[in-house]
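Accompanying notes for the structure given below.
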Amino acid sequence: MEIKKADIERDYDGVWEIFSDVIAGGDAFSFVPETPKCDLKKLWFADIMDTFVAVDKSGKIVGSYYIKPNQPGLGSHIANAGYMVHPEEKGKGIGRLLCEHSIDFARAKGYLGMQFNIVVSTNTSAVKLWKSFGFSIIGTIPQAFRHQKLGLVDAYIMYKSL
């Protein structure tokens, strides 16, 4: 498994395959399931983002993450990130590798902390993973997420000092 900086020309379709499958469930990201492919550039490859892909030995993109400043200007020393793993590759430790890589990258880039603004409370595997890396729930936003199967559910704000 190799994690490398994404190239929008080379990796767009592979990331889109993951992105579209993940958001189709409407259970972990605030992107609407009907998000068109043309929006991926601004949602996952924006100029303010550093985007990475995890590639298996066969060359298939099996995961991706972006990292960016959580806020502009005076809040730019705190990173924000989003992670996706190909649904067929879940349970293989790819999310863990992406998180570890992103923390190392954030430190190297000079970020002082990482904050996730909306971790869906029912996404227990993500909450458990982030906690295993030292992230803490620093706030709960009541009924912040319209889960496609469960209706309104809470979301967490999670933070880790770097």
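No lab work stands behind these numbers, since they all come straight from the coordinates. Treat the numbers as computed from the prediction; the structure is a model and nothing was measured. A quick note on method: Cβ atoms are made from the backbone with ideal geometry, for glycine too, and the neighbour counts reach across all protein chains shown.
Over the range 2-161, what is the relative contact order in percent, taking alpha-carbon pairs closer than 8 angstrom and at least six residues apart?
Relative contact order comes out at 20 percent.
Just rank His147, His86, fewest to most, by other beta-carbon atoms within 10 angstrom.
Starting with the residue having the fewest Cβ neighbours, the order is His147, His86.
What does the helix-only formula give at 222 nm for the chain: each DSSP H stretch with n ≥ 4 adding -39500 (n - 2.57), the total divided by the residues, and the result rounded to the nearest 500 deg cm²/dmol?
Computed ellipticity for the chain at 222 nm equals -9000 deg cm²/dmol.
Using only the alpha-carbon atoms, what does the range 5-65 span along each of its principal axes? Please give whole angstrom values in decreasing order.
Between the extreme Cα coordinates on each principal axis of the range 5-65 lie 30, 25, 16 Å.
When Rg is the radius of gyration of the Cα atoms in the range 62-162 and Rh is its Kirkwood radius, what does Rg/Rh come to?
On the way: Rg = 13.7 Å, Rh = 14.1 Å.
Looking at the range 62-162, the ratio lands at 0.97.
Roughly how far apart, in whole Å, are the Cα centres of the range 100-158 and the range 5-42?
19
Which links in Lys128/Lys160; Lys68/Lys160; Lys57/Lys128 stretch past 20 Å when you go from one Cα to the other? Can you show the working numbers first?
Values: Lys128/Lys160 14 Å; Lys68/Lys160 15 Å; Lys57/Lys128 28 Å.
Where the Cα-Cα span goes over 20 Å, the pairs concerned are Lys57/Lys128.
Mark the label point 7 Å from the Cα of Glu2 along Cα→Cβ and return the residues of the range 29-58 whose backbone N is within less than 16 Å of it.
52-58
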